[in-house]
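A short worksheet on the structure shown next.
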Amino acid sequence: MKIIVVEDYREMSKKAADIVASQVILKNDSVLGLATGSTPEGMYSRLVEMHREGTLDFSSIQSFNLDEYLGLDPEHSQSYHHYMHHHLFNHINTDPNNVHIPWGQASDMAAYCRNYDQQIAAAGGIDLQVLGIGGNGHIGFNEPDEFLSAGTHVVDLTEETVEANSRFFASRDEVPKKAVTMGMGSIMKAKKILLLASGKGKAQAIKDTVSGNVSTRVPASFLQLHGDVTLILDEEAAALLP
Ligand code: F6R
């Protein structure tokens, strides 16, 4: 794992945007795996700036998002569909046909999940996967458990994740308790992985990810088994690293 420690959230976002931008410049038809949440917001805003400055062309990229809440209307202000359009896609020149965000309202979720993985494979696999990390070590919505799933699947969110994400909703009761997420196999097949973490709430999960045992109790620890992972951490998130 390559670990880059920067001063703060702003620096993390700039570095992350530079890495995504290099990927798109070097391979204009890159397949990007994208995350939502607070962590990548600054990175998206910098990518939008670069596009506005005329330095970044997204017209040939394809993207696959990691996850979406189950049963939440895509128009809902907290759906990941809404998030991605609000923070990125409304402001850049991606082809809407090349943007993929899991659909949490499919009538046959099992078939939908299989199809999502087939679409990733048909696109040639993910070139660069951007990840955040949960305070409990989740990536995507692959929650700590006795076992992990390889492919895209439906998950029950842990109490901890529901609690953490309740900050985005009017009340905790409104937070969906299930989600659809790319599985660990889908993530681990990405050619390159870029994980971002900011703030002291992520410090323990980062320590466990980098130097703990590889364990289904810390899904991000599986990244130790991947050959090309870069972590960009701010000082607070890196605070417990040796
Ligand atoms: C979101 C995702 C999650 C988040 C994680 C951290 O698409 O896959 O794993 O990256 O929950 O969320 P924030 O960035 O809000 O702390």
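Each reported figure results from applying straightforward, stated rules to the coordinates on display, with no laboratory input. If you're wondering where the values come from, they're calculated on a predicted model, not measured in any experiment. Neighbour counts are summed over all protein chains in view; Cβ atoms, including those assigned to glycine, are modelled from backbone coordinates with ideal geometry.
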Integer Hz, Karplus 6.51/-1.76/1.60 couplings in order for the range 144-151, x for Gly and Pro = x, 6, 6, 9, 10, 9, 7, x
At most 14 other Cβ within 10 Å, DSSP loop - GluC sites (Glu not before Pro), the range 131-239 = Glu146
Which ³J(HN,Hα) values in Hz, rounded to whole numbers, follow from the phi angles of the range 188-201 under the Karplus curve 6.51 cos²θ - 1.76 cosθ + 1.60, where θ = phi - 60° and Gly and Pro get x?
-> 5, 7, 4, 5, 10, 10, 10, 10, 10, 8, 9, x, 5, x
Amide H to amide H under 5 Å from Asp145: which residues, 5+ apart in sequence or cross-chain, H placed 1.01 Å off N in plane?
-> Arg217
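Could you tell me which trypsin sites (Lys or Arg not before Pro) in the range 13-52 are loop residues by DSSP with no more than 15 other beta carbons within 10 angstrom of their beta carbon?
Numbers: sites: Lys14, Lys15, Lys27, Arg46, Arg52; in loops: Lys27.
For trypsin sites (Lys or Arg not before Pro) across the range 13-52 that sit outside H, G, I, E and B with at most 15 neighbouring Cβ atoms in 10 Å, the list reads Lys27.
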Using a 10 angstrom cutoff on alpha carbons, build the Gaussian network for the chain and name the most mobile of Gly183, Gly132, Gly54.
-> Gly54
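Based on DSSP H runs of at least 4 residues, each adding -39500 (n - 2.57), what is the mean residue ellipticity at 222 nm of the chain after dividing by all its residues, to the nearest 500 deg cm²/dmol?
Helices in the chain give a 222 nm mean residue ellipticity of -9000 deg cm²/dmol.
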Could you tell me which of the pairs Lys14/Lys177; Lys178/Lys200; Lys2/Lys191; Lys2/Lys189 are separated by over 24 angstrom between their Cα atoms in the structure shown?
-> Lys14/Lys177; Lys178/Lys200
Additional length obtainable on full extension of the chain from His85 to Asp108, 0.36 nm per residue less Cα span | 5.8 nm
Want the number for Thr216 to Phe168: 0.36 nm per residue separation, take away the alpha-carbon distance, what's left?
-> 14.6 nm
At a Förster radius of 30 Å, what calculated FRET efficiency corresponds to the Cβ-Cβ distance of His226 and Glu53, to the nearest 0.05?
-> 0.40
Among rounded, prolate and oblate, which fits the range 191-232 when a ≥ b ≥ c are the square roots of the eigenvalues of its C-alpha gyration tensor, a/c under 1.5 means rounded, and a/b larger than b/c means prolate?
-> oblate
